[in-house]
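Novice: Pasting in a structure now, in structure tokens, and then I'll have a few things to ask.
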Amino acid sequence: MLSYLHSFHAGNFADVLKHSISIHILQYLGEKPKPFFYLDTHAGVGAFSLTKGESQKTQEYLNGIAKLWNLSPAEQAKLAPLTGNYLQLIQRFNESESLQTYPGSPWFAMELMNQPDRLNLFELHPREFKTLLTNIRGDRRIKAFQKDGFHACLSQLPPKERRGYVLMDPPYEVKQDYDTAVESLIAAHKKFATGTYALWYPVVDRYRIKKLEKAFINSGVKNIQLFELGIQDEREPGMTASGMIVINPPWTLMKAAKQALPPLAILLAGKNGSFRCEQLVAE
């Protein structure tokens, strides 16, 4: 199935969580002078318009990035670093006082990585891949592949840099994606045990997430953390929360998330907001 288009959901509350966590990982890796490798298994197009097309049909960004964007300068200055760093990059991407566009995961990596670093992007959808090529044109650090990132990514591991970050953000169009994601990350970890891995997931059915967590707990992989942000009671229909499972996270991530997610949940959802910051598997 290739019907999923992230442009319908760009900038929503799930993107706020996913990209703020991902930015922290990229910035942490970039603090050392040694080059590192970034691999995105489901890269999308890299940039989205919020003023037309699919984004305007759903307007999910209004309950996500727009709530941060519309804060006063004084309120923005009080944001926790995890959230504030994310917002600053969104402002840099827009280059205007109005919120018109939203970057995809590849752009954050392109912006935060140094010249010696490398990026490999996988995107299977024909239309999305074509747009991705246009958005990354001219950046020699990047290689893009129109392949299934679940499995093709394994051919790129371990990277020659011996340092790296793999982001897996599947569309979950089919239920099997949950199992495939776990299997793919465990296989990747066997080839490159020191890499950092992050898996984004939607909370539509809590049973599936509990099963996902159990699979990681029983995998034998060490040092796994979980971060979740919710905006509705789970008895409501649709995606009520989303999360990130991170293998080999930066040692700074848990503290940063615990500082950022409680106020972020309140900002985005008020009394309906919720969050989780947990060490799923010990080091």
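Each row is one residue, and each column tells you yes or no for (1) surrounded by fewer than 19 Cβ atoms within 10 Å (Cβ to Cβ); (2) in contact with a Ser or Thr (Cβ under 8 Å, 6 or more places away or on another chain).
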| site | (1), (2) |
| --- | --- |
| Phe145 | yes, no |
| Leu154 | yes, yes |
| Gly164 | no, yes |
| Val174 | yes, no |
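Novice: Does Ala109 fit the bill of being of a type in the set (Gly, Ala, Ser), farther than 26 Å from Lys258 by Cβ and either in contact (Cβ under 8 Å) with a residue 12 or more places away in the chain or part of a helix (DSSP H, G or I) (or both)? Walk me through how you get there before you give the answer.
Specialist: Values: of a type in the set (Gly, Ala, Ser): yes; farther than 26 Å from Lys258 by Cβ: no; either in contact (Cβ under 8 Å) with a residue 12 or more places away in the chain or part of a helix (DSSP H, G or I) (or both): yes.
In short, no.
Novice: Here is a list: Leu229, Leu267, Leu212. Which entry is at pLDDT 95 or above, touching a Phe, Trp or Tyr at 6+ places or on another chain (Cβ under 8 Å), crowded, with 16+ Cβ neighbours inside 10 Å and within 24 Å of Lys67 (Cα to Cα)?
Specialist: The match here is Leu229.
Novice: Now, a different point. Just one of the numbered conditions (1) more than 19 Å from Glu95 (Cα to Cα); (2) surrounded by 17 or more Cβ atoms within 10 Å (Cβ to Cβ) is not true of Gly11; which one?
Specialist: The failed condition is (1).
Yes or no, residue by residue, for (1) surrounded by 17 or more Cβ atoms within 10 Å (Cβ to Cβ); (2) aromatic (Phe, Trp, Tyr); (3) in a helix (DSSP H, G or I):
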| site | (1), (2), (3) |
| --- | --- |
| Glu97 | no, no, no |
| Tyr102 | yes, yes, no |
| Gln115 | no, no, no |
| Leu119 | yes, no, no |
| Leu124 | yes, no, no |
| Glu128 | yes, no, yes |
| Thr134 | no, no, yes |
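Novice: At least 1 residues that are farther than 30 Å from Gln76 by Cα in each: list the helices (runs of 4 or more DSSP H) lying fully within the range 175-283 that qualify.
Specialist: Details: elements: 176-191, 206-217, 253-269.
Of the helices (runs of 4 or more DSSP H) lying wholly inside the range 175-283, those with at least 1 residues that are farther than 30 Å from Gln76 by Cα span 176-191, 206-217.
Novice: Same structure again: Looking at the range 15-38, which of its residues are under 23 Å from Glu278 (Cβ atoms) and either at pLDDT below 95 or over 9 Å from the mean Cα position of the chain (by Cα) (or both)? Let's see the steps before the verdict.
Specialist: To start, the set of residues in the range 15-38 that are under 23 Å from Glu278 (Cβ atoms) comprises 15-29.
If the condition is that a residue be under 23 Å from Glu278 (Cβ atoms) and either at pLDDT below 95 or over 9 Å from the mean Cα position of the chain (by Cα) (or both), then His24, Ile25, Leu26, Gln27, Tyr28, Leu29 are the ones that fit.
The values are calculated or read from the model by the stated rules, or taken from the named source; none is laboratory data. Predicted model, so just to flag it, every value in this text is computed and none were measured. Reconstructed Cβ throughout: ideal geometry from the backbone, glycine too, with neighbour counts over all protein chains shown.
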